[in-house]
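Here's the structure, in structure tokens; my notes come after.
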Amino acid sequence: MPGDLQQLVDQARHIVFFGGAGVSTESGIPDFRSVDGLYHQQYDYPPEVILSHSFFIRHTEEFFRFYRAKMLCPDAQPNAAHNKLAEMEKKGKLSAVVTQNIDGLHQAAGSRHVCELHGSVKRNHCIRCGRFYSEDFVRNSTSVPHCTCGGIVKPDVVLYEESLDEEVISDAVREISRADLLIVGGTSLSVYPAAGFLDLYRGNELVLINKTETPKDHMATLIIRQSIGHVLGQLHI
Ligand code: CNA
């Protein structure tokens, strides 16, 4: 692990971590854009079309077939990256995790302050009466999951064409803008508005831990092209 990262972490007091699907690949959840990611598999429609609001409305059954098969990974466990971030928060080093992930693994590792920009598969609500349903309810459903009132049960996941939750945005903006070290990792930084949150950072040091290049590499003062679980796992807190 680069000593520079350890030094930056030692000096910082309000670390914020901003991450994406690459944080969970070491837990066995495929990301979108790696070679073995979902964008390189063949479906009748591209994943960004299936995971859009209009597709959900027009082809609800097909949406849920893809969603149950590809977006739910009930057996996935937190990896060294999730665990280290939770430990950093517990020890007062890290203020928040801002994630594009919907898998709930940061909370499973013990992180408490998690801004889930794109929602979570762990929460589902009836679009008619608002009743809550678990991930298991949706996973065990066949065809389209329905509430007792007859409404469709929709995952609390922000689909393409949908807007982000206002409260989550405010929380993420507040945390990033007052951080003194921003660690960004496991994200292609190609999905907006999420990637634009980096522009709110006012600190001097930005660490980017990502296996491949991103459009925001120029913002980083330290770039580490290694697996994020391996890198964060070696930090001493
Ligand atoms: P992405 O566009 O798939 O990019 C992932 C990035 O992570 C790529 O640049 C990879 O090179 C990099 N990467 C993969 N594995 C590692 C690793 N072990 N260490 C370091 N780098 C790695 O994913 P983004 O999050 O940027 O895109 C945003 C989408 C993906 C969001 O809307 C998510 O909701 C969505 N997504 C989430 C999950 C999840 O919740 N686990 C899974 C798949 C997709």
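The values are calculated or read from the model by the stated rules, or taken from the named source; none is laboratory data. Computed from a predicted structure; not experimentally measured. As a convention, Cβ positions derive from the backbone with ideal geometry for all residues, glycine included, and neighbour counts pool all protein chains shown. Ligands, DNA and RNA are excluded from the accessible area calculation, which covers all protein heavy atoms including side chains. Shrake-Rupley method; radii C 1.70, N 1.55, O 1.52, S 1.80 Å.
In whole percent, and with a 1.4 Å probe on the protein chains, what portion of the accessible area of the stretch 98-237 is carbon and sulfur?
Values: 3240 of 6560 Å².
The C+S portion of the solvent-accessible surface of the stretch 98-237 is 49 percent.
The heavy atoms of Glu167 offer some 150 square angstrom of accessible surface to a 1.4 angstrom probe. Neighbours of Val184, meaning other residues whose beta-carbon lies under 14 angstrom from its beta-carbon, give a summed charge of -2 when Lys and Arg score +1 and Asp and Glu score -1.
Of Arg139, Arg58, which has the most accessible area and how do the rest follow, probe 1.4 Å? If you can, show how the numbers build up before the last one.
Working: Arg139 90, Arg58 180 Å².
Largest to smallest exposure gives the sequence Arg58, Arg139.
Figure legend: label point modelled 7 angstrom from the Cα of Leu200 along Cα→Cβ; residues of the stretch 110-129 with amide N under 20 Å from it are 112-120.
Between Gln6 and Ser143, the simple label model (points 7 Å from Cα in the Cβ direction) yields a spacing of 5.9 nm.
Can you give me the relative contact order of the chain as a percent, contacts being Cα pairs under 8 Å and 6 or more apart?
Details: 438 pairs, mean separation 60.0, N = 237.
It rounds to 25 percent for the chain.
Inter-label distance, His218 to Lys91: 3.6 nm, where each label sits 7 Å from its Cα along the C-beta direction. Shown are Cys129, Cys115, Cys149, whose ranking by accessible area with a 1.4 Å probe and every protein chain present, most to least, is Cys129, Cys149, Cys115. For Cys73, the accessible surface of its heavy atoms amounts to roughly 40 Å² (probe 1.4 Å, protein chains only, rounded to the nearest 10).
Remark: the chain is approximated by an ellipsoid whose semi-axes, taken from the C-alpha gyration tensor as √(5λ), come to 32, 18, 16 Å, largest first.
Suppose all protein chains stay in the model; what accessible area per residue would a 1.4 Å probe give for the stretch 78-160, in Å²?
Values: 3450 Å² over 83 residues.
With all protein chains present, the stretch 78-160 gives 42 Å² per residue.
Taking the full set of protein chains and a 1.4 angstrom probe, give the accessible area of His146 in square angstrom, rounded to the nearest 10. It works out to around 90 Å². Solvent-accessible surface of protein heavy atoms, probed at 1.4 angstrom with all chains present, puts Arg68, Arg131, Arg112, Arg123 in the order Arg112, Arg131, Arg123, Arg68, largest first.
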